[in-house]
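Accompanying notes for the structure given below.
The values are calculated or read from the model by the stated rules, or taken from the named source; none is laboratory data. As the structure is a computational prediction, the values presented were derived from the model and not from experiment. Cβ placement follows ideal geometry from the backbone for every residue including glycine, while neighbour counts extend to all protein chains displayed.
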Amino acid sequence: MDLHQFEIKILPLKNNIYRLAKALLGNATYAEDAVQDIYLKLWAQRDQIEKAENVRAFCLQLARNHCLDQLRILKRNDFQEITDDNFSSERSPYEQAEQQDLVDRIKKLMALLPEQQRTVIHLRDVEDLEFDEIVQITGLTENAIKVNLSRARQRIRDLINGK
Amino acid sequence: MNNVETLLQKYFDAETSLQEEALLKKYFLTSELPSSLEKYRYLFVNLSDQHNESLLDQHFERTILAKLTHKRHSFVHHLVLWSTAAAASLFLTLGTVYYLERQNNYMIVNGQRINDPEKALMMAAAKLHLVTGNFNTGLAQVEKFGRVEKHLSLVSLFQKHDTLSNDSATINETITKNEN
(Lines give C-alpha, C1' and ligand atoms only; values in the text may rest on other atoms or scores of the structure.)
Protein backbone atom coordinates (compact mmCIF):
# COMPACT_ATOMS: atom_id res chain seq x y z
CA MET A 1 0.00 0.00 0.00
CA ASP A 2 1.54 3.27 -1.12
CA LEU A 3 0.93 6.73 0.32
CA HIS A 4 -1.81 7.54 -2.18
CA GLN A 5 -3.79 4.38 -1.37
CA PHE A 6 -3.26 5.01 2.33
CA GLU A 7 -4.64 8.52 1.86
CA ILE A 8 -7.74 7.22 0.06
CA LYS A 9 -8.51 4.14 2.16
CA ILE A 10 -7.23 4.85 5.65
CA LEU A 11 -7.32 8.61 6.23
CA PRO A 12 -11.14 8.81 5.88
CA LEU A 13 -11.35 6.68 9.04
CA LYS A 14 -9.76 9.42 11.10
CA ASN A 15 -13.00 10.51 12.79
CA ASN A 16 -14.02 6.93 13.61
CA ILE A 17 -10.63 6.41 15.18
CA TYR A 18 -10.79 9.75 17.00
CA ARG A 19 -14.24 9.02 18.46
CA LEU A 20 -13.18 5.58 19.68
CA ALA A 21 -10.00 7.06 21.19
CA LYS A 22 -12.04 9.75 22.92
CA ALA A 23 -14.57 7.23 24.23
CA LEU A 24 -11.77 5.08 25.63
CA LEU A 25 -9.39 7.79 26.86
CA GLY A 26 -12.16 10.16 27.97
CA ASN A 27 -10.27 13.25 26.88
CA ALA A 28 -10.22 15.08 23.55
CA THR A 29 -6.57 16.15 23.81
CA TYR A 30 -5.38 12.64 24.61
CA ALA A 31 -7.56 11.36 21.78
CA GLU A 32 -6.09 13.82 19.25
CA ASP A 33 -2.56 12.81 20.24
CA ALA A 34 -3.53 9.15 20.13
CA VAL A 35 -4.92 9.46 16.59
CA GLN A 36 -1.56 10.71 15.31
CA ASP A 37 0.26 7.82 17.00
CA ILE A 38 -2.33 5.36 15.70
CA TYR A 39 -1.85 6.62 12.13
CA LEU A 40 1.92 6.22 12.41
CA LYS A 41 1.33 2.64 13.59
CA LEU A 42 -1.15 2.04 10.77
CA TRP A 43 1.38 3.31 8.23
CA ALA A 44 3.97 0.96 9.70
CA GLN A 45 1.49 -1.91 9.29
CA ARG A 46 0.21 -0.91 5.83
CA ASP A 47 1.20 -4.27 4.34
CA GLN A 48 -1.01 -6.06 6.86
CA ILE A 49 -3.89 -3.64 6.20
CA GLU A 50 -3.88 -4.78 2.56
CA LYS A 51 -4.32 -8.39 3.68
CA ALA A 52 -7.08 -7.54 6.17
CA GLU A 53 -10.56 -8.81 5.37
CA ASN A 54 -12.17 -5.71 6.89
CA VAL A 55 -9.93 -2.63 6.75
CA ARG A 56 -12.07 -0.55 9.12
CA ALA A 57 -12.15 -3.36 11.71
CA PHE A 58 -8.37 -3.74 11.43
CA CYS A 59 -7.83 -0.01 11.97
CA LEU A 60 -10.26 0.22 14.89
CA GLN A 61 -8.75 -2.86 16.50
CA LEU A 62 -5.29 -1.29 16.31
CA ALA A 63 -6.75 1.97 17.65
CA ARG A 64 -8.41 0.20 20.58
CA ASN A 65 -5.23 -1.70 21.47
CA HIS A 66 -3.24 1.54 21.34
CA CYS A 67 -5.76 3.29 23.61
CA LEU A 68 -5.76 0.41 26.09
CA ASP A 69 -1.95 0.63 26.23
CA GLN A 70 -2.27 4.38 26.79
CA LEU A 71 -4.81 3.81 29.55
CA ARG A 72 -2.40 1.47 31.31
CA ILE A 73 0.25 4.19 31.08
CA LEU A 74 -2.09 6.92 32.25
CA LYS A 75 -3.48 4.61 34.95
CA ARG A 76 -6.86 6.06 34.22
CA ASN A 77 -5.82 9.44 35.62
CA ASP A 78 -8.21 11.18 33.30
CA PHE A 79 -11.18 9.15 34.48
CA GLN A 80 -10.13 9.76 38.08
CA GLU A 81 -10.22 13.48 37.33
CA ILE A 82 -13.73 13.22 35.94
CA THR A 83 -14.82 11.36 39.04
CA ASP A 84 -13.12 13.85 41.37
CA ASP A 85 -14.41 16.93 39.59
CA ASN A 86 -17.98 15.89 39.15
CA PHE A 87 -18.89 13.51 41.90
CA SER A 88 -18.22 13.80 45.63
CA SER A 89 -17.46 10.67 47.63
CA GLU A 90 -20.57 11.18 49.79
CA ARG A 91 -23.06 10.67 46.97
CA SER A 92 -23.19 8.07 44.22
CA PRO A 93 -22.20 9.14 40.67
CA TYR A 94 -25.81 8.63 39.60
CA GLU A 95 -27.19 10.93 42.33
CA GLN A 96 -24.63 13.61 41.57
CA ALA A 97 -25.27 13.34 37.86
CA GLU A 98 -28.97 14.08 38.34
CA GLN A 99 -28.07 17.69 39.10
CA GLN A 100 -26.75 18.20 35.56
CA ASP A 101 -28.28 18.22 32.18
CA LEU A 102 -29.41 14.73 31.22
CA VAL A 103 -27.37 14.62 28.00
CA ASP A 104 -24.20 15.49 29.92
CA ARG A 105 -25.05 12.98 32.61
CA ILE A 106 -25.48 10.23 30.05
CA LYS A 107 -22.15 11.20 28.48
CA LYS A 108 -20.40 11.10 31.84
CA LEU A 109 -22.03 7.83 32.77
CA MET A 110 -20.82 6.31 29.50
CA ALA A 111 -17.30 7.50 30.33
CA LEU A 112 -17.54 5.76 33.70
CA LEU A 113 -18.67 2.40 32.33
CA PRO A 114 -16.24 -0.53 32.50
CA GLU A 115 -13.94 -0.57 29.46
CA GLN A 116 -15.63 -3.46 27.61
CA GLN A 117 -19.10 -1.95 28.08
CA ARG A 118 -17.76 1.44 27.03
CA THR A 119 -16.14 0.03 23.90
CA VAL A 120 -19.11 -2.09 22.89
CA ILE A 121 -21.78 0.60 23.35
CA HIS A 122 -19.58 3.07 21.46
CA LEU A 123 -19.00 0.72 18.52
CA ARG A 124 -22.68 -0.29 18.31
CA ASP A 125 -24.60 2.86 19.22
CA VAL A 126 -22.21 5.59 18.05
CA GLU A 127 -20.47 3.90 15.13
CA ASP A 128 -23.42 1.68 14.12
CA LEU A 129 -21.30 -1.41 13.53
CA GLU A 130 -22.59 -4.95 13.05
CA PHE A 131 -21.81 -7.50 15.78
CA ASP A 132 -19.40 -9.48 13.58
CA GLU A 133 -17.30 -6.35 13.06
CA ILE A 134 -17.31 -5.64 16.81
CA VAL A 135 -16.16 -9.24 17.30
CA GLN A 136 -13.18 -8.54 15.00
CA ILE A 137 -12.30 -5.30 16.78
CA THR A 138 -12.63 -6.47 20.38
CA GLY A 139 -11.88 -10.18 20.14
CA LEU A 140 -14.97 -10.83 22.30
CA THR A 141 -17.61 -13.37 21.35
CA GLU A 142 -20.92 -12.11 19.98
CA ASN A 143 -22.65 -13.32 23.13
CA ALA A 144 -20.20 -11.45 25.37
CA ILE A 145 -20.71 -8.35 23.26
CA LYS A 146 -24.50 -8.56 23.66
CA VAL A 147 -24.18 -9.05 27.42
CA ASN A 148 -21.89 -6.01 27.74
CA LEU A 149 -24.14 -3.97 25.44
CA SER A 150 -27.35 -4.75 27.34
CA ARG A 151 -25.68 -3.98 30.69
CA ALA A 152 -24.40 -0.65 29.38
CA ARG A 153 -27.76 0.32 27.88
CA GLN A 154 -29.65 -0.71 31.01
CA ARG A 155 -27.36 1.39 33.23
CA ILE A 156 -28.17 4.37 31.04
CA ARG A 157 -31.87 3.55 31.29
CA ASP A 158 -31.54 3.37 35.07
CA LEU A 159 -29.90 6.81 35.06
CA ILE A 160 -32.69 8.21 32.89
CA ASN A 161 -35.34 6.71 35.16
CA GLY A 162 -33.54 8.05 38.24
CA LYS A 163 -32.76 4.64 39.67
CA MET B 1 -44.43 3.90 15.19
CA ASN B 2 -46.79 1.67 17.14
CA ASN B 3 -44.43 -0.86 18.60
CA VAL B 4 -41.95 1.68 19.94
CA GLU B 5 -42.05 0.52 23.56
CA THR B 6 -41.54 -3.11 22.56
CA LEU B 7 -38.70 -2.12 20.28
CA LEU B 8 -37.19 0.04 23.04
CA GLN B 9 -37.26 -2.94 25.41
CA LYS B 10 -35.53 -5.07 22.75
CA TYR B 11 -32.97 -2.29 22.39
CA PHE B 12 -32.15 -2.29 26.12
CA ASP B 13 -31.83 -6.07 25.99
CA ALA B 14 -29.39 -5.80 23.07
CA GLU B 15 -31.68 -7.80 20.81
CA THR B 16 -32.36 -5.23 18.08
CA SER B 17 -30.81 -5.26 14.63
CA LEU B 18 -28.97 -2.26 13.20
CA GLN B 19 -32.03 -1.49 11.06
CA GLU B 20 -34.34 -1.49 14.09
CA GLU B 21 -31.89 0.72 15.97
CA ALA B 22 -31.81 3.12 13.03
CA LEU B 23 -35.62 3.33 13.19
CA LEU B 24 -35.52 4.03 16.92
CA LYS B 25 -32.86 6.74 16.48
CA LYS B 26 -34.83 8.41 13.72
CA TYR B 27 -38.06 8.24 15.75
CA PHE B 28 -36.57 9.70 18.94
CA LEU B 29 -34.70 12.47 17.14
CA THR B 30 -37.42 13.64 14.78
CA SER B 31 -40.85 12.71 16.07
CA GLU B 32 -43.27 14.27 18.54
CA LEU B 33 -42.86 11.98 21.55
CA PRO B 34 -45.42 11.02 24.18
CA SER B 35 -44.43 12.40 27.59
CA SER B 36 -43.63 8.89 28.87
CA LEU B 37 -40.92 8.52 26.21
CA GLU B 38 -39.60 12.10 26.18
CA LYS B 39 -36.83 11.28 28.66
CA TYR B 40 -35.33 8.75 26.25
CA ARG B 41 -34.80 11.43 23.64
CA TYR B 42 -31.70 12.54 25.58
CA LEU B 43 -30.09 9.15 25.10
CA PHE B 44 -30.47 9.28 21.33
CA VAL B 45 -29.49 12.96 21.17
CA ASN B 46 -26.34 12.03 23.05
CA LEU B 47 -25.55 9.15 20.70
CA SER B 48 -26.19 11.38 17.69
CA ASP B 49 -23.92 14.10 19.12
CA GLN B 50 -21.15 11.60 19.62
CA HIS B 51 -21.66 10.17 16.14
CA ASN B 52 -21.18 13.64 14.63
CA GLU B 53 -18.02 14.43 16.58
CA SER B 54 -14.90 14.89 14.51
CA LEU B 55 -11.25 15.68 15.01
CA LEU B 56 -10.68 19.21 16.25
CA ASP B 57 -7.52 19.53 14.18
CA GLN B 58 -8.75 20.74 10.78
CA HIS B 59 -5.30 20.20 9.25
CA PHE B 60 -4.92 16.65 10.56
CA GLU B 61 -4.64 15.02 7.13
CA ARG B 62 -2.01 17.49 5.98
CA THR B 63 -0.09 17.09 9.24
CA ILE B 64 -0.12 13.29 9.23
CA LEU B 65 0.74 13.08 5.51
CA ALA B 66 3.64 15.47 6.07
CA LYS B 67 4.82 13.26 8.93
CA LEU B 68 4.53 10.09 6.85
CA THR B 69 6.22 11.74 3.85
CA HIS B 70 8.92 13.16 6.07
CA LYS B 71 9.39 9.75 7.62
CA ARG B 72 9.67 8.15 4.19
CA HIS B 73 11.95 10.86 2.84
CA SER B 74 14.00 10.87 5.97
CA PHE B 75 14.49 7.11 5.57
CA VAL B 76 15.86 7.59 2.04
CA HIS B 77 17.76 10.64 3.20
CA HIS B 78 19.29 8.71 6.07
CA LEU B 79 20.15 5.84 3.77
CA VAL B 80 22.04 8.15 1.41
CA LEU B 81 23.64 9.96 4.32
CA TRP B 82 24.80 6.78 6.02
CA SER B 83 26.05 5.28 2.75
CA THR B 84 28.11 8.41 2.07
CA ALA B 85 29.44 8.39 5.60
CA ALA B 86 30.31 4.69 5.33
CA ALA B 87 32.11 5.24 2.00
CA ALA B 88 33.98 8.25 3.37
CA SER B 89 35.08 6.42 6.50
CA LEU B 90 36.17 3.41 4.41
CA PHE B 91 38.19 5.70 2.15
CA LEU B 92 39.75 7.41 5.17
CA THR B 93 40.58 4.09 6.83
CA LEU B 94 42.18 2.62 3.71
CA GLY B 95 44.05 5.88 3.07
CA THR B 96 45.34 5.94 6.62
CA VAL B 97 46.44 2.30 6.45
CA TYR B 98 48.21 2.94 3.13
CA TYR B 99 49.87 6.05 4.51
CA LEU B 100 51.02 4.26 7.65
CA GLU B 101 52.32 1.39 5.59
CA ARG B 102 54.31 3.85 3.51
CA GLN B 103 55.52 5.58 6.65
CA ASN B 104 56.75 2.27 8.08
CA ASN B 105 58.67 1.28 4.91
CA TYR B 106 61.50 3.76 4.73
CA MET B 107 65.29 3.83 4.76
CA ILE B 108 67.74 6.39 5.98
CA VAL B 109 70.49 7.34 3.54
CA ASN B 110 73.08 9.80 4.79
CA GLY B 111 70.57 10.95 7.42
CA GLN B 112 67.89 11.41 4.79
CA ARG B 113 64.57 9.51 5.10
CA ILE B 114 63.51 7.85 1.84
CA ASN B 115 59.86 6.68 1.60
CA ASP B 116 59.64 6.17 -2.13
CA PRO B 117 60.28 2.44 -2.71
CA GLU B 118 61.63 2.91 -6.27
CA LYS B 119 64.05 5.58 -5.20
CA ALA B 120 65.08 3.50 -2.23
CA LEU B 121 65.66 0.49 -4.47
CA MET B 122 67.81 2.50 -6.85
CA MET B 123 69.84 3.91 -3.99
CA ALA B 124 70.14 0.48 -2.42
CA ALA B 125 71.34 -0.99 -5.74
CA ALA B 126 73.90 1.83 -6.11
CA LYS B 127 75.15 1.24 -2.56
CA LEU B 128 75.26 -2.48 -3.14
CA HIS B 129 77.26 -1.92 -6.27
CA LEU B 130 79.65 0.29 -4.29
CA VAL B 131 79.97 -2.35 -1.59
CA THR B 132 80.62 -5.16 -4.06
CA GLY B 133 83.16 -2.96 -5.84
CA ASN B 134 84.99 -2.30 -2.59
CA PHE B 135 84.71 -5.93 -1.69
CA ASN B 136 86.39 -6.92 -4.93
CA THR B 137 89.13 -4.38 -4.33
CA GLY B 138 89.57 -5.75 -0.84
CA LEU B 139 89.68 -9.23 -2.20
CA ALA B 140 92.45 -8.23 -4.61
CA GLN B 141 94.38 -6.80 -1.66
CA VAL B 142 93.85 -9.98 0.24
CA GLU B 143 95.16 -11.95 -2.73
CA LYS B 144 98.25 -9.77 -2.74
CA PHE B 145 98.74 -10.58 0.92
CA GLY B 146 98.39 -14.22 0.00
CA ARG B 147 101.13 -13.96 -2.56
CA VAL B 148 103.43 -12.20 -0.09
CA GLU B 149 102.75 -14.89 2.45
CA LYS B 150 103.56 -17.53 -0.14
CA HIS B 151 106.86 -15.84 -0.89
CA LEU B 152 107.57 -15.52 2.78
CA SER B 153 106.98 -19.23 3.30
CA LEU B 154 109.39 -20.03 0.49
CA VAL B 155 112.05 -17.83 2.09
CA SER B 156 111.53 -19.57 5.38
CA LEU B 157 111.84 -22.91 3.62
CA PHE B 158 115.17 -21.85 2.13
CA GLN B 159 116.31 -20.61 5.51
CA LYS B 160 115.37 -23.94 7.04
CA HIS B 161 117.27 -25.70 4.30
CA ASP B 162 120.33 -23.59 5.04
CA THR B 163 120.07 -24.44 8.72
CA LEU B 164 119.90 -28.11 7.92
CA SER B 165 122.90 -27.78 5.60
CA ASN B 166 124.84 -26.13 8.38
CA ASP B 167 123.83 -28.89 10.75
CA SER B 168 124.98 -31.60 8.35
CA ALA B 169 128.29 -29.81 7.94
CA THR B 170 128.65 -29.79 11.68
CA ILE B 171 127.82 -33.47 11.88
CA ASN B 172 130.29 -34.30 9.11
CA GLU B 173 132.91 -32.29 10.89
CA THR B 174 132.17 -34.14 14.13
CA ILE B 175 132.35 -37.49 12.38
CA THR B 176 135.67 -36.63 10.75
CA LYS B 177 136.99 -35.48 14.13
CA ASN B 178 135.94 -38.72 15.75
CA GLU B 179 137.55 -40.80 12.99
CA ASN B 180 140.72 -39.04 13.60
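Structure summary
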| read-out | value |
| --- | --- |
| Filter pass, A:A63 being closer than 19 Å to A:L113 by Cβ, modelled with pLDDT of 95 or more and more than 9 Å from every other protein chain (Cβ to nearest Cβ) | yes |
| Which listed residue, of B:S31, B:S48, is free of Cβ contacts under 8 Å to residues at least 24 places away in the same chain and of a type in the set (G, A, S) | B:S48 |
